[in-house]
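The values are calculated or read from the model by the stated rules, or taken from the named source; none is laboratory data. Just so you know, these numbers come straight off a predicted model, no measurement behind them. Positions of Cβ are generated from backbone atoms using ideal geometry, with glycine treated the same way; all protein chains shown enter the neighbour counts.
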């Protein structure tokens with residue numbers, strides 16, 4: 001009798017809202033367990049996130065690595081992976097060092113043209129870009145190569161035949177300003193394309209440059225590097241770019 005009375009007193013001492021609260025917590029727990037059980041985790045992303053967390057805590061297991069290709073396909077930044085970033089960063093530094101070496105060699109070859117402002121060299125997402133202004137390569141509105149272009153193009157051709165670049169693809173891009181053309185061309189598309197093709201043919205005749213490595217494309221006025229609202233801007237936009245594509249690019253498609 002005393003034991004039953006004790007249970008009744010204990011029951012009366014528990015606030016009624018706690019019973020409701022406890023039921024609600026149990027329901028929420030069941031709900032989230034059901035959600036997680038049905039979740040579709042993408043394994044590569046799950047692995048990346050897990051590795052980043054483990055690396056941040058200093059517990060990344062030895063020998064476990066994330067495939068670079070998978071990570072790049074996912075668009076992940078290697079620097080976000082604390083545990084694995086050092087290795088990838090070293091690889092990136094090695095690639096950049098090679099690019100810097102190649103670019104420096106090219107800058108020495110084209111030093112005079114660079115000083116005159118007719119040639120620029122840069123690197124971007126495409127690879128190494130050699131930018132030639134219209135004035136050094138063509139007459140205004142013409143697709144025919146100037147005689148004055150030969151020394152610069154010969155130096156570039158010699159550079160393109162270097163052993164370090166022998167397997168790199170080359171895309172020659174023609175660009176114009178937005179002033180409509182007159183004469184035999186219907187539009188800037190044709191003019192820019194024909195200019196790129198003529199530069200390609202020039203290189204085709206040089207030893208050490210296989211035709212299969214090259215392609216030509218014309219963009220007309222649609223990829224400007226400066227506003228077409230001023231003479232200086234239009235002058236900058238009239239150009240040919242010789243793009244040495246990145247080493248991992250194996251086709252023009």
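Just one of (1) without any contact (Cβ under 8 Å) to a residue 60 or more places away in the chain; (2) within 17 Å of residue 124 (Cα to Cα) trips up residue 246, so point out which.
(1)
Quick one: how many residues across region 160-176 are out of contact with any strand residue (DSSP E or B) (no Cβ under 8 Å at 6 or more places or on another chain) and surrounded by fewer than 20 Cβ atoms within 10 Å (Cβ to Cβ)?
6
With the structure loaded, tell me whether residue 155 is closer than 24 Å to residue 105 by Cα, in the same structural domain as residue 107 (by TED's automatic domain parsing) and out of contact with any strand residue (DSSP E or B) (no Cβ under 6 Å at 6 or more places or on another chain) or whether it fails that test.
yes
For region 159-194, what are the residues that are over 17 Å from residue 120 (Cα atoms) and part of a helix (DSSP H, G or I)?
Once the filter is applied, which keeps residues that are over 17 Å from residue 120 (Cα atoms) and part of a helix (DSSP H, G or I), region 159-194 yields 163, 164, 165, 188, 189, 190, 191, 192, 193, 194.
In region 195-232, how many are assigned to a helix (DSSP H, G or I) and either in contact (Cβ under 8 Å) with a residue 12 or more places away in the chain or within 17 Å of residue 171 (Cα to Cα) (or both)?
Count: 13.
Under the condition of being modelled with pLDDT of 95 or more and not in a helix (DSSP H, G or I), which residue from region 144-158 is surrounded by the most Cβ atoms within 10 Å (Cβ to Cβ)?
145
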